[in-house]
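The values are calculated or read from the model by the stated rules, or taken from the named source; none is laboratory data. Here the structure is a predicted model, which means the values were calculated and not measured. No Cβ is skipped: glycine too gets one built from the backbone with ideal geometry, and neighbour counts run over all protein chains shown.
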Amino acid sequence: MLSPGFHFANPGYLYLLLLVPLLGFWYLRFGSRASSRLSYSSLRPFAGLRPTLKERLRPLTFLLRILVVALLVLALARPRSTASGENIHTEGIDIALLLDISGSMLAEDFHPNRIEAAKQVAQDFIDGRRNDRIGLVIFSGQSFTQCPLTTDFRVLKNLLRQVRTGMIEDGTAIGLAIAQGVNRLKDSPAKSKVMILLTDGVNNRGEIDPVTASQIAQSFGIRIYTIAVGTMGEAPYPVPTPYGVRYQNLPAEVDEKVLQTIAGNTHGQFFRATDGKSLKRIFAAIDQLEKTRIEVMAYKTYTELFYPLAWLALALLLAEFLLSHTLLRKLP
């Protein structure tokens, strides 16, 4: 069975193979007449003689010539195999996801709540990237790196699934989160460095002002997309009580003005997500804005296979010549 990469460079020559059956027909019809003959008045004296080995092998020379013709035709058609591949050059993007895990992210205006909805959409976003490094920074009253920049998305998603509220003291330290993201991205050799900041609150903790942190990010060429999460008005929030969990409607407080300033300082964009569907659309929009540029150079390499056919044809031609002038030599 031929390999998928096998083909003939000059397939038109294969039509010459039609000569093979024509030559065979000519030999069967007229070949014997071309042999030397002796005339006898009667063949009775030779009636009991069997054909000699030489007589039996006489068609061998013609068969060798036929094989030589067939092999030369195949060699002229240039059989060869092809191997193909791709050299891929990428201009990578390094992305830091900054995720708010403060207590207010438990509000259930998203299904099942804000933090779980954000984690699911972030996971889908990670699945859509192929040639980038992505890291995860979580924050509330403090911030820390849950996962450094990596291309091992399996590990990244496992660490993302482990994120929950209460891992850090409560509060909203947006400035510290941006500063942590800057530390992760500032020395990156990537052509594009991006942060995606998702929060539902107002900066109320930390020693670094969010706007100042955004200016530092801009100086390192880092672009920040900010996402304000929460419905307009009030949102149901679970409150533990001695009688079980009760729900209380709390106002959705998010500092849109600061988030807009952060995005504007770094040439990013500001988004407002009021439900799960809008949050998905926002991440899809960011995904399109931050597509890695890929240059693909396709190549093919050819291995010529006609050389063995040509050498075999030459060997058979030499064998035919030797047999015709020695063992199978005809009478003059």
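Points worth noting:
- If you filter segment 272-327 down to residues that are part of a loop (DSSP other than H, G, I, E, B) and at pLDDT below 75, you find that the one that is farthest from Gly128 (Cα to Cα) is Leu327.
- Hits in segment 168-180 - residues which are aliphatic (A, V, I, L, M) and either within 13 Å of Leu106 (Cβ to Cβ) or at pLDDT below 95 (or both): Ile168
- Pairing each residue of segment 273-287 that is more than 17 Å from Glu108 (Cα to Cα) with any residue that is polar (S, T, N, Q) and surrounded by fewer than 18 Cβ atoms within 10 Å (Cβ to Cβ), provided the two are 6+ apart or on different chains, yields C-beta distances under 9 Å for Ala285/Gln269; Ile286/Gln269.
One line per residue, one yes/no per condition, for (1) within 15 Å of Thr172 (Cβ to Cβ); (2) surrounded by 24 or more Cβ atoms within 10 Å (Cβ to Cβ); (3) touching a Gly at 6+ places or on another chain (Cβ under 7 Å); (4) not hydrophobic (A, V, I, L, M, F, W, C):
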residue	(1), (2), (3), (4)
Asp200	yes, yes, yes, yes
Phe220	no, no, no, no
Ile224	no, yes, yes, no
Glu234	no, no, no, yes
Pro238	no, no, no, yes
Gly244	no, no, no, yes
Ala252	yes, no, yes, no
Leu259	yes, yes, no, no
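- Leading residue by the ranking (nearest to Asp100 (Cα to Cα)) among those in segment 244-253 that are touching a residue at least 24 places away in the same chain (Cβ under 8 Å) and out of contact with any Ser or Thr (no Cβ under 7 Å at 6 or more places or on another chain): Glu253
- When residues of segment 138-178 are limited to those that are surrounded by 22 or more Cβ atoms within 10 Å (Cβ to Cβ) and in a helix (DSSP H, G or I), the one nearest to the chain's Cα centre (by Cα): Leu156
- Pairs, first more than 12 Å from Gly201 (Cα to Cα) and at pLDDT below 65 in segment 83-107, second assigned to a strand (DSSP E or B) and among the hydroxyl-bearing types (Ser, Thr, Tyr), C-beta under 9 Å, six or more apart: Ser84/Tyr299; Ser84/Thr301; Gly85/Tyr299; Gly85/Thr301; Glu86/Tyr299; Asn87/Tyr299; Glu91/Ser192
- Checking each residue in segment 234-260 for being hydroxyl-bearing (Ser, Thr, Tyr) and in contact with a strand residue (DSSP E or B) (Cβ under 6 Å, 6 or more places away or on another chain) picks out Tyr237, Tyr247.
- Search result, residues across segment 232-258 that are modelled with pLDDT under 90 and assigned to a loop (DSSP other than H, G, I, E, B): Met232, Gly233, Pro242, Tyr243, Ala252, Glu253
- Just one of the listed residues (Ile216, Ile224, Ile196) is under 17 Å from Asp94 (Cβ atoms), part of a helix (DSSP H, G or I) and assigned by TED's automatic domain parsing to the domain that holds Lys280, and it is Ile216.
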